[in-house]
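So the structure is just underneath, and the comments pick up after that.
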Amino acid sequence: MATVTIRFLSKPTFLLALLMMMAAAVNQSEAQLSTNFYANSCPNALSTIRNSIRTAISRERRMAASLLRLHFHDCFVHGCDASILLDQSPTITSEKTAPPNDKSARGYELIDAAKARLETICPGVVSCADVLAVAAKEASAYVGGPSWAVKLGRRDSTSAFPDETLTDLPFFKADLQTLIDNFGAKGLSPRDMVALSGAHTLGQAQCFTFRDRIYSNGTDNIIDRGFASTRRRRCPAVGGDDALAAMDLVTPNSFDNNYFRNLVQRKGLLETDQVLFSGGSTDSIVMEYSRSPSRFSADFAAAMIRMGDIQPLTGSAGQIRRICGAVNN
């Protein structure tokens with residue numbers, strides 16, 4: 001019969017191991033986002049952000065699309081860490097002037113205003129990254145879109161990543177597989193991708209991003225000819241790169257499923273819009289959303305929550321920036 005040796009840890013060793021286990025558990029809990037993260041440290045945080053954002057959108061409804069896009073452009077570049085909000089400085093090369101954001105991303109001042117209000121009631125507590133996440137939800141809800149419980153507890157980056165904007169943000173001429181791969185690299189499924197693309201039911205695009213599509217002289221199964229003709233009125237074949245056109249001609253300032261109805265009719269503005277309904281693997285999802293506004297809304301909210309989980313800084317990583325455009329001194 002084999003002899004079994006049982007070894008007992010000495011009391012000091014046991015206590016040390018127990019403390020290490022407890023510390024690991026604490027670190028693990030700190031690394032998790034929570035919907036009630038500020039319940040004790042800043043109980044009025046969410047209402048403060050809500051009031052600030054809704055007041056701003058009531059003045060300019062287009063800002064709803066801008067805030068959704070700002071959160072998207074933040075999360076896809078090095079995670080949801082508010083790096084997109086950092087201004088140019090001797091030590092920071094800003095993402096704001098990187099090609100995908102320059103003269104395109106907007107709404108920074110709205111985030112700054114909401115953050116300033118928070119600093120008066122609970123200074124140094126609420127991160128700019130969390131303000132961005134809540135602002136996106138409030139923007140959606142204000143213009144008729146879904147709402148959701150935002151997970152909180154992100155911290156802010158001390159660096160910006162302008163080079164990653166060129167590799168990680170979807171290019172407006174990307175094909176379907178490239179888009180699927182792009183979103184997949186962030187842990188998002190093709191259904192998430194199609195749902196998030198539905199944010200293009202709001203907002204406007206610059207002429208240079210859709211010029212090739214409307215002047216392609218393609219057949220009707222690529223672009224509706226009447227739609228192309230209408231779009232050419234605001235976007236000349238040469239020049240006028242910054243001229244704006246609504247993503248959705250019908251209800252450009254309301255969150256609805258018209259975006260998907262447009263795709264079914266070959267009236268997607270960007271190539272990356274129409275490619276979602278072009279005989280590929282996402283056609284069925286587009287068709288589903290075009291028929292069911294409730295399904296689209298539910299999936300959009302779920303996808304926004306998943307997007308907000310992309311590489312957040314938590315625990316002791318990063319910092320809580322006092323001013324969103326600059327790293328703390």
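The values are calculated or read from the model by the stated rules, or taken from the named source; none is laboratory data. This structure is a prediction, so every number in the text was calculated from the model and none was measured. Ideal geometry is used to build each Cβ from the backbone, glycine not excepted, and the neighbour counts take in all protein chains shown. These area figures cover heavy atoms from the full protein model, side chains too; ligands, DNA and RNA do not enter into them. Shrake-Rupley method; radii C 1.70, N 1.55, O 1.52, S 1.80 Å.
If the cut-off is a Cα-Cα distance under 26 Å, which lysines reach K115, setting aside same-chain residues fewer than 8 apart in sequence?
The reachable lysines, counting only those whose Cα sits under 26 Å from K115, are K96, K103, K137, K151.
Specify which residue in the list T167, G203, I214 is farthest towards the positive end of the charge dipole of the chain, using unit charges on the beta carbon of Lys, Arg (+1) and Asp, Glu (-1), about the Cα centre.
G203
For the chain, build the charge dipole from Cβ charges (+1 Lys, Arg; -1 Asp, Glu) around the Cα centre, then report which of P123, S104, G268 sits farthest towards its positive end.
P123
Hey, of (1) 36.2, 98; (2) 22.8, 92; (3) 21.4, 72, which did the structure itself give for Rg and Dmax of the Cα atoms in Å when calculated?
Identified label for the calculated read-out: (2).
Evaluate the charge dipole of the chain about its Cα centre and quote only its size in Debye, nearest 20, assuming +1 on the Cβ of each Lys and Arg and -1 on the Cβ of each Asp and Glu. Write out the running numbers ahead of the final one.
On the way: 35 positive and 32 negative charges, 136 e Å.
About 660 debye.
So what is the accessible area of the chain per residue, in Å², with the probe set to 1.4 Å?
On the way: 15760 Å² over 329 residues.
It amounts to 48 Å² per residue over the chain.
In whole angstrom, note down how far apart the Cα centers of segment 86-161 and segment 222-297 are.
Centre-to-centre (Cα) distance: 27 Å.
Counting each DSSP H run of 4 or more residues in the chain as -39500 (n - 2.57), what helix-only mean residue ellipticity at 222 nm follows after dividing by all residues, to the nearest 500 deg cm²/dmol? Before the final figure, lay out the partial values.
Values: 14 runs with 152 residues, N = 329.
It comes out at -14000 deg cm²/dmol, rounded to the nearest 500.
What's the carbon and sulfur percent of the chain's accessible surface, probe 1.4 angstrom, rounded to a whole number?
Values: 8560 of 15760 Å².
Answer for the chain is 54 percent, counting heavy atoms of protein chains only.
Shape call for segment 211-326 from the C-alpha gyration tensor, a ≥ b ≥ c root eigenvalues: rounded (a/c under 1.5), prolate (a/b greater than b/c) or oblate? Each step should come with its number before you reach the end.
Values: a/c = 2.50, a/b = 1.51, b/c = 1.65.
Oblate shape, in that a/c is at least 1.5 and b/c is the bigger or equal ratio.
About its Cα centre, how strong a charge dipole does segment 57-192 have in debye, to the nearest 20, once Lys and Arg get +1 and Asp and Glu get -1 at the Cβ? It would help to have the intermediate numbers written out before the result.
On the way: 16 positive and 18 negative charges, 106 e Å.
Approximately 500 debye in magnitude.
For G325, what is the net charge nearby, where nearby means another residue's Cβ is under 15 Å from its Cβ and Lys, Arg count +1, Asp, Glu -1? Kindly include the intermediate steps, with their values, before the conclusion.
Details: positive: K96, R106, K115, R321, R322; negative: D74, D81, D87, E95, E109, D112, E119, D156.
Net charge around G325: -3.
Summing +1 for each Lys or Arg and -1 for each Asp or Glu, what net charge is found among the other residues whose Cβ lies under 11 Å from the Cβ of T201?
Values: positive: R261; negative: D248, D256, D273.
The answer is -2.
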